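J.: My questions all concern the structure below.
The values are calculated or read from the model by the stated rules, or taken from the named source; none is laboratory data. Keep in mind it's a predicted model, so treat the numbers as computed, not measured. Cβ: placed from backbone, ideal geometry, glycine included. Neighbour counts: every protein chain shown. Quick note on the areas: whole protein, heavy atoms, side chains included, nothing else; ligands and nucleic acids left out. Shrake-Rupley method; radii C 1.70, N 1.55, O 1.52, S 1.80 Å.
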Amino acid sequence: MKMSLTIAPSTQFSSGKAGSKLLKQKAGEFLQCTRSTNVLLELIAYQKECLARGAPLTPSLLTLEHLFTELLRRDEMRTTVAAPSRTAGVPLENGNSSHLSHKQWLLVQYKESFGVILASFNHEKPADACQALSTAMKLLVAEAQNPVELPSAPSEQQQQFPVGRLKQILSSMLSSERLNTHLFNRFLEYSHYLDVIYFCWKLIPSLVPRDCVPNDVFTQNLLLLIGAVSFGKDALKETNNVLCVPLAGPFDYVFVRRQINKTWNFVVNWPHGEAAHQQLLLVLLEKVLPHLEKPVLLTDFLMDSLDVGGAISMLALQGIFVLIQQYNLTYPNIYEKLYSMFEPEIFHTKFKARLFYLADIFLSSSHLPEGLVAAFVKRLARLALIAPPQDVVIIMRFIGNLILRHPALKSLIFHPAGGEASSDPFVTEERDPMKSKALLSSLWEVAALQNHVLPSVAMAARFISNPFPSVEWDLSSVLEINENDIFDNEIAKKRNNTPCASIDRQDCLGTAVVKSHHSTGNCFK
């Protein structure tokens, strides 16, 4: 008689390969004889023990994945089959009854093991948690292809999406205790399939709490899920793009859109912390907005968000722009709000490029009052004195484009009464751009930046001393430039001419900014 290998629950493996080899041997032993029930129980117990003590889970997860995938493929756990023709009421023979009992036992172990796999989503190591999600999804696919239960009518015996398993997976990812960004990033591998999209949206409204307001962690996880399973309408054209089973007919977009709107109406009305509020706006703008039935109902929410400040205001501004552009929304104070967003803090947010992009669109009309545009020009010029070098280049091009659109603003370049740092009529503290007296000022800030220690910045500022081009500067080419690019470009220019000692990149840029401030003064009051 073949002896069974033994894994003590407390075994510590010095080598990952040795442990994996032992687990594979155990799985192979069980698959050769599925009546060796102790072997399966031992493997499941080992998975539980590893989870309890925070040990690496990947070897045991891969073992259970292989084992149960094979059992599903061999229909070892299928308990309900098409009944053969027989006289009603005649009991099964003892052998068949025993066989059915073993299948039911295997199914119980499968369900218990699947629960342990779901619990592994909470493992402290993201790699192990992601492997648990991958294992769960592969078992879901295997179960769709080889269902554990089939309808008794032969005409109904077809592949069906295991909705119950998917609901378990989604519920496990929607934690109220930890942010599962890593899990939802891995879930993106599956969420572009039409069957996954359809059944996720069929389930999501049922996963939203109705009797209480969830905390911010749950809200952020739900938003990550919404973002993961949202889709562009072009995806609906790929009718064969399925993970498990073909859909019964065309993709029911009307139903899915109704589910999206139902879910969004709950989420948008919850109170949100700063992180959840920002994520809500991102998901709205990038994923959900095209699917909403009445986007104009977001007007109050976006206007309230516009008053929050920081990144939230920038994202809300983009939402309002979409409503203005596509749904004829009227917002009379939009330029005052945009003007107030140009503060020193914008250079330290990841949405800086988005703000410049939106401002460029809002200020694209040549019919705007010159006093309004002049206020933006002066505010940007003042910001340039304290901006990082890479942002000064953006600002210089932006100012140049505004002057190209409004040639009368060339008077700002050398305004006879515009003054200088000590006598500038421009009112920095004024919130209404039309009252800032910008047309009475001059661009002495840009002239001062022509002496910047970094040649790329000084050259960008010299646009006011050179003939203007016939077309606007391309902002897109500089919006994503960072300090490393500035440094590398300067070094590349001098590499063939001047031997350079080793120098710290941050120290170089910091020194450049300090020298520039010393020559111009920190004039943003």
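J.: Of the residues that make up region 301-308, is at least one touching a Gly at 6+ places or on another chain (Cβ under 6 Å), open to solvent by less than 50 Å² (accessible area, probe 1.4 Å) and part of a helix (DSSP H, G or I)?
T.: Scanning region 301-308, I find at least one residue that is touching a Gly at 6+ places or on another chain (Cβ under 6 Å), open to solvent by less than 50 Å² (accessible area, probe 1.4 Å) and part of a helix (DSSP H, G or I), so the answer is yes.
J.: Related question: Please verify whether PHE251 is closer than 26 Å to PRO162 by Cα and open to solvent by less than 20 Å² (accessible area, probe 1.4 Å), treating the condition exactly as stated.
T.: Criteria not met by PHE251.
J.: Further, regarding this structure: Since VAL208 meets every condition but one in (1) farther than 21 Å from ALA275 by Cβ; (2) touching a Phe, Trp or Tyr at 6+ places or on another chain (Cβ under 9 Å), which condition does it not meet?
T.: Of everything listed in (1) farther than 21 Å from ALA275 by Cβ; (2) touching a Phe, Trp or Tyr at 6+ places or on another chain (Cβ under 9 Å), VAL208 misses just condition (1).
J.: Take the conditions surrounded by 15 or more Cβ atoms within 10 Å (Cβ to Cβ), modelled with pLDDT under 90 and within 23 Å of the chain's Cα centre (by Cα) and apply them to ALA316. Does it pass? Don't jump to the end; show me each part of the working.
T.: Details: surrounded by 15 or more Cβ atoms within 10 Å (Cβ to Cβ): yes; modelled with pLDDT under 90: no; within 23 Å of the chain's Cα centre (by Cα): yes.
Answer is no for this residue.
J.: For region 23-41, what are the residues that are open to solvent by less than 40 Å² (accessible area, probe 1.4 Å) and touching a residue at least 12 places away in the same chain (Cβ under 8 Å)? Write out each step before concluding.
T.: Residues of region 23-41 open to solvent by less than 40 Å² (accessible area, probe 1.4 Å): 23, 26-31, 34, 36, 39-40.
Hits for region 23-41 are LEU23, LYS26, ALA27, GLU29, PHE30, LEU31, THR34, SER36, VAL39, LEU40.
J.: When you look at SER206, is it loosely packed, with under 14 Cβ neighbours inside 10 Å and assigned to a helix (DSSP H, G or I), yes or no?
T.: Considered against the rule, which asks whether it is loosely packed, with under 14 Cβ neighbours inside 10 Å and assigned to a helix (DSSP H, G or I), SER206 comes out as yes.
J.: Follow-up. Name the residue, out of TYR335, TYR331, that is touching a residue at least 60 places away in the same chain (Cβ under 8 Å), farther than 30 Å from TYR253 by Cβ and among the aromatic types (Phe, Trp, Tyr).
T.: So the residue among TYR335, TYR331 that is touching a residue at least 60 places away in the same chain (Cβ under 8 Å), farther than 30 Å from TYR253 by Cβ and among the aromatic types (Phe, Trp, Tyr) is TYR335.
J.: Output the qualifying pairs, or none if there are none: Cβ atoms under 6 angstrom, residues six or more apart or on different chains, first residue in region 213-228 and among the acidic types (Asp, Glu), second residue in a loop (DSSP other than H, G, I, E, B).
T.: Qualifying pairs under 6 Å: ASP216/GLY273.
J.: Can you name the residue in region 148-170 that is open to solvent by less than 90 Å² (accessible area, probe 1.4 Å) and over 15 Å from VAL196 (Cα atoms) and, of all such residues, is modelled with the lowest pLDDT?
T.: GLN157
J.: Right, something else. Wholly within region 365-460, which helices (runs of 4 or more DSSP H) include no fewer than the required count, namely at least 2 residues that are at pLDDT 90 or above, over 17 Å from SER340 (Cα atoms) and out of contact with any Phe, Trp or Tyr (no Cβ under 7 Å at 6 or more places or on another chain)?
T.: Helices (runs of 4 or more DSSP H) meeting the threshold: 389-405, 444-449.
J.: Of the numbered conditions (1) in a helix (DSSP H, G or I); (2) surrounded by 13 or more Cβ atoms within 10 Å (Cβ to Cβ); (3) not assigned by the TED database to the domain that holds LEU183, GLN326 satisfies every one except a single condition; which is it?
T.: (2)
J.: Now, a different point. Residues in region 362-379: is at least one among the basic types (Lys, Arg), crowded, with 16+ Cβ neighbours inside 10 Å and in the same structural domain as HIS406 (by the TED database)?
T.: Yes, that holds for at least one residue.
J.: If I filter region 102-133 down to residues being among the polar types (S, T, N, Q) and open to solvent by less than 10 Å² (accessible area, probe 1.4 Å), which single residue comes out as nearest to ALA52 (Cα to Cα)? Spell out the reasoning first.
T.: First, pick out the residues of region 102-133 that are among the polar types (S, T, N, Q): 104, 109, 113, 120, 122, 131.
From what's left, open to solvent by less than 10 Å² (accessible area, probe 1.4 Å): 113, 120.
Values: SER113: 14, SER120: 10 Å.
Only one residue tops the list, namely SER120.
J.: Using beta carbons and a limit of 6 Å, which pairs, at least six apart or on different chains, have the first residue in region 351-374 and of a type outside the set (S, T, N, Q) and the second one open to solvent by less than 30 Å² (accessible area, probe 1.4 Å) and not in a helix (DSSP H, G or I)?
T.: Correct list of pairs: ALA353/LEU479; GLU370/HIS406; VAL373/HIS406.
J.: Being modelled with pLDDT of 90 or more, at negative phi and not in a loop (DSSP other than H, G, I, E, B) narrows it down to one residue among GLU42, GLU70; which is it? Lay out the reasoning, then the answer.
T.: Numbers: GLU42 fails: modelled with pLDDT of 90 or more.
The match here is GLU70.
J.: Within region 219-241, track down each residue that is in a loop (DSSP other than H, G, I, E, B) and more than 23 Å from the chain's Cα centre (by Cα).
T.: Of region 219-241, the ones in a loop (DSSP other than H, G, I, E, B) are 230-232, 238-241.
Passing the criteria: GLU238, THR239, ASN240.
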